[in-house]
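Okay, so here's the structure we're looking at.
The values are calculated or read from the model by the stated rules, or taken from the named source; none is laboratory data. Remember, it's a predicted structure, so these values are computed and weren't measured experimentally. So basically every Cβ, Gly included, is an ideal-geometry build from the backbone, and we count neighbours across all protein chains shown. Surface accessibility is based on the protein's heavy atoms, side chains included, excluding ligands, DNA and RNA. Shrake-Rupley method; radii C 1.70, N 1.55, O 1.52, S 1.80 Å.
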Amino acid sequence: GFLDQHVHILGGNDFHGPNHRTFGMRFRNPVENGVTTLVTVLGSEHDDRTLHGMIRRAQDFDRLGLTTYAYTGSFELGAPTLTGSVYGDIVMVEKILGLKIAIAAPTGSHPTYHELARPCGQAHRAGQNTGKAGVIHVHIGRGPDQLDSLFELIERSGIPIDKFVVTHVNQSAPNTLEPAIRFARQGGTIDVTVRFTKPAIVK
């Protein structure tokens, strides 16, 4: 089957308002689309959709026959972790492969370089210490800074570019596509979201 590397198993799309809020997935949803392995993430709301609930739901899917993994972190930096740190989550929780962060998001936490570097450095170190991928999964929003903070992070921190996966690169197309292509040519991985409607892509 397919591997889907960005799944909101508990639902998502909170910042578009209650009419756009999606509910938690059922086992049949990925299976009917040929997905047998998925990586689940939290969205912009981590108060009632928690890492604990997400991991619990992923375990249910495992028991039914899917293979699931997860990222710690969420749309906002400083979100609660399972163990008290990004490093601890990746090292101690087998299912967690890496970290999710968000940049260039008007409704995000607008992290500085140091605020980004600390958790990303923990994810990279945890990956090295455990042999896991240590992926840093980056939500790119519709803000005007696009991938600027990510390029700065890679240049100043020394974290290898191949540890980063940038998702939603087409949600502000064509504005985000040019830096995303440049990022990919330098060795990073980009993820195109397939369900954006035309008004969300073209202003």
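Key figures for this structure:
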quantity: Qualifying residues in segment 84-103 (those that are surrounded by fewer than 24 Cβ atoms within 10 Å (Cβ to Cβ) and among the small types (Gly, Ala, Ser)) - the one nearest to Asp148 (Cα to Cα); calculated: Ser85
quantity: Some residue of segment 26-34 being free of Cβ contacts under 8 Å to residues at least 60 places away in the same chain and buried (at least 16 other Cβ atoms within 10 Å of the Cβ); calculated: yes
quantity: Condition met for Thr107 (of a type in the set (Val, Ile, Thr), in contact with a Ser or Thr (Cβ under 9 Å, 6 or more places away or on another chain), within 23 Å of Asp62 (Cα to Cα) and modelled with pLDDT under 95); calculated: no
quantity: Single residue of segment 129-154 satisfying the filter (of a type in the set (Gly, Ala, Ser) and over 15 Å from the mean Cα position of the chain (by Cα)) that is farthest from Pro179 (Cα to Cα); calculated: Gly131
quantity: Number of the exception - His52 against (1) over 28 Å from Pro144 (Cα atoms); (2) crowded, with 18+ Cβ neighbours inside 10 Å; calculated: (2)
quantity: Which numbered condition Ser157 misses (of (1) at pLDDT 95 or above; (2) under 15 Å from the mean Cα position of the chain (by Cα)); calculated: (2)
quantity: Search result, residues across segment 109-149 that are in contact with a strand residue (DSSP E or B) (Cβ under 6 Å, 6 or more places away or on another chain), hydrophobic (A, V, I, L, M, F, W, C) and either open to solvent by less than 10 Å² (accessible area, probe 1.4 Å) or more than 20 Å from Ile190 (Cα to Cα) (or both); calculated: Cys120, Ala123, Ile136, Val138, Ile140
quantity: Of residues in segment 58-86 being charged (D, E, K, R) and out of contact with any Ser or Thr (no Cβ under 6 Å at 6 or more places or on another chain), the one nearest to Val138 (Cα to Cα); calculated: Asp60
quantity: Filtered residue count, segment 67-83, keeping only those that are more than 14 Å from the chain's Cα centre (by Cα) and open to solvent by 10 Å² or more (accessible area, probe 1.4 Å); calculated: 6
quantity: Matching strands (runs of 3 or more DSSP E) fully within segment 61-175 where at least 3 residues are touching a residue at least 12 places away in the same chain (Cβ under 8 Å) and of a type in the set (S, T, N, Q); calculated: 67-73
quantity: Pick from segment 176-192, criterion open to solvent by 30 Å² or more (accessible area, probe 1.4 Å) and part of a loop (DSSP other than H, G, I, E, B), ranking: modelled with the lowest pLDDT; calculated: Val192
